[in-house]
Amino acid sequence: MATINRKGGESVAARRGIEIGARVLDWFDRHGRKDLPWQHDISPYRVWVSEIMLQQTQVKTVIPYFERFMQTYPTVRDLAAASEDAVLHLWTGLGYYSRARNLHRAARLVCERYDGVFPDDVDALSELPGIGRSTAGAIISIAYRKPAPILDGNVKRVLARFHAVEGYPGVTAVGQELWDYAEQHTPEQRVADYTQAMMDLGATLCTRSKPACGICPLNDDCLALREGSPARYPGKKPPKVLPVKTAQMLIIRDTDGHVLLEKRPPTGIWASLWIFPQLETGADALMHCRDRLHLDAELVEHWQDYRHTFSHYHFDIAPLVLRVARPAAQVMEAGRFLWYNLDEPAAVGLAAPVLKLLGKLA
Ligand code: SF4
């Protein structure tokens with residue numbers, strides 16, 4: 001069936017009726033990996049565990065974990081009967097522990113709801129914790145040998161390049177377009193091998209930064225290759241647009257070269273760390289020194305703005321260097337202010353911008 005892409009036309013592959021299954025299968029027969037532990041004694045349980053382990057984790061890391069897991073829990077019933085602690089212990093070092101918790105919960109549900117037999121239906125599988133449409137597709141196509149598309153990270157990359165699909169796949173319309181292609185290409189025959197082949201192609205040839213297009217079975221029709229820019233696909237996640245907050249930071253030195261720091265409150269950003277006195281953008285720094293800090297200061301220079309980025313906003317800091325015309329050993333509100341000696345630094349926690357700006361001062 002011809003597919004209309006988001007650019008308003010038929011994709012080249014669809015328009016010319018290009019079918020990739022035969023080429024991909026031929027490549028798989030000759031070059032594909034067939035000795036991975038989960039490619040033997042294939043069962044829905046083994047496919048499922050391998051698919052979950054392979055999420056965000058490389059094959060060579062997964063292999064020993066998969067083998068230990070299968071020795072300890074050879075069936076879904078064994079896994080369901082285990083304690084969560086024991087499952088997490090076996091998972092230790094593999095990371096993303098929610099995967100293990102979901103695996104355990106899903107195993108119990110498969111036993112409770114389906115008497116220990118995985119359903120061969122994408123919707124039913126997708127209701128289980130941690131199983132998305134692609135994992136469900138892998139279980140159905142590889143273990144049950146029924147046509148069901150998959151779209152894991154590797155397949156996404158191959159299809160985005162082959163069809164030059166613009167945009168970040170996390171955007172609904174882009175993801176949908178890729179699913180449409182995945183569906184269009186999934187063959188009726190040898191679907192288990194096709195699924196393995198597409199995952200393999202993405203993992204071994206159509207790699208993230210250096211695709212081996214010269215030996216790829218899809219190179220005749222690959223639009224990204226034709227454009228000369230495979231690495232441009234799939235589109236990157238758009239950077240989060242963070243709000244920007246601004247402030248002035250006063251780097252006040254006394255005649256001995258000590259620098260005034262102020263302790264942050266115990267909650268909020270830089271909690272309990274020491275930082276330069278700070279005031280809002282546009283406020284009068286000298287007046288602030290006189291009225292709030294009881295210091296007669298003079299402005300020495302403005303430094304270039306410095307950006308510190310938190311997860312939820314950018315903080316643009318305008319550093320002002322000031323000088324007070326005396327040794328300023330007398331401390332306002334002991335415990336809250338500190339004249340910091342750069343030659344004999346006090347053992348206090350410094351906020352990141354302080355470290356950066358003190359470095360410049362030194
Ligand atoms: S030709 Fe290159 S970019 Fe296109 S699918 Fe093959 S490896 Fe990927």
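Placing dummy labels 7 Å off each Cα toward the beta-carbon, the span from R101 to E188 is 4.5 nm.
The Rg/Rh ratio for the stretch 82-238, using Cα coordinates for both the radius of gyration and the Kirkwood hydrodynamic radius, is 1.03. Spin-label model, A231 to D35: label points 7 Å out along the Cα-to-beta-carbon direction sit 3.2 nm apart. Applied to the stretch 277-289, the Karplus parametrisation 6.51 cos²θ - 1.76 cosθ + 1.60 on θ = phi - 60° returns per-residue 3J(HN,Hα) values of x, 10, 8, 5, 4, x, 6, 7, 5, 5, 5, 4, 4 Hz, with x for Gly and Pro.
Here the ratio of the Cα radius of gyration of the stretch 71-165 to 2.2 N^0.38 Å is 1.22. Between D85, D284, D221, the Gaussian network model of the chain with springs among Cα atoms under 10 angstrom shows the greatest mean-square fluctuation at D284. Arranged from fewest to most other beta-carbon atoms within 10 Å of their beta carbon, M249, M198 become M249, M198.
Largest GNM mean-square fluctuation across D41, D316, D29, computed for the chain with C-alpha springs under 10 Å, falls on D316. If R0 is 45 Å, what FRET efficiency do you get for Y114 and H312 from their C-beta distance, rounded to 0.05? For Y114 and H312, the calculated efficiency is 0.60. Couplings for the stretch 212-222, taken from phi via the Karplus curve 6.51 cos²θ - 1.76 cosθ + 1.60 with θ = phi - 60°, read 8, 4, x, 10, 7, x, 9, 5, 5, 10, 6 Hz in order; Gly and Pro are left as x.
Using bins of 10 Å that start at zero, the share of Cα-Cα pairs per bin across the stretch 240-362 amounts to 12, 47, 34, 6, 1, in whole %. In a DSSP loop and with at most 12 other Cβ atoms within 10 Å, the GluC sites (Glu not before Pro) in the stretch 161-204 are E188. Placing a pseudo-label 7 Å from each Cα along the Cα-to-Cβ vector at S126 and V241 gives an inter-label distance of 3.1 nm. Ordered by the count of other Cβ atoms within 10 Å of each Cβ, fewest first, H308, H185 give H308, H185. Taking the square roots of 5 times each eigenvalue of the Cα gyration tensor of the stretch 56-110, largest first, gives ellipsoid semi-axes of 18, 12, 10 Å.
This ranking places I63, I52, I142 by how few other beta-carbon atoms lie within 10 Å of each, fewest first, which gives I63, I52, I142.
Estimated from helical segments only, the mean residue ellipticity of the chain at 222 nm is -11500 deg cm²/dmol, where each DSSP H run of four or more residues counts as -39500 (n - 2.57). Taking θ as phi - 60° and the Karplus parameters 6.51, -1.76 and 1.60, the scalar couplings of the stretch 34-39 work out to 10, 10, 5, x, 7, 8 Hz in sequence order, x denoting glycine and proline. Give the percent of DSSP beta bridges with both residues in the chain that are antiparallel, rounded to the nearest 5. Here the antiparallel bridges make up roughly 60 percent for the chain. Taken over the alpha carbons of the chain as equal point scatterers, the Debye sum produces base-10 log I(q)/I(0) values at 0.06, 0.12 Å⁻¹ of -0.42, -0.87. Highest mobility in the GNM of the chain, judged by mean-square fluctuation with C-alpha springs under 10 Å and restricted to L261, L25, L54, is found for L261.
In this structure, the amide hydrogen of K146, modeled 1.01 Å from its nitrogen in the peptide plane, lies closer than 5 angstrom to those of S141, counting only residues at least 5 positions away or on a different chain.
Just so you know, all these numbers are worked out from the coordinates, no wet-lab data involved. Computed from a prediction, not measured in an experiment: that's the story for all the values here. Reconstructed Cβ throughout: ideal geometry from the backbone, glycine too, with neighbour counts over all protein chains shown.
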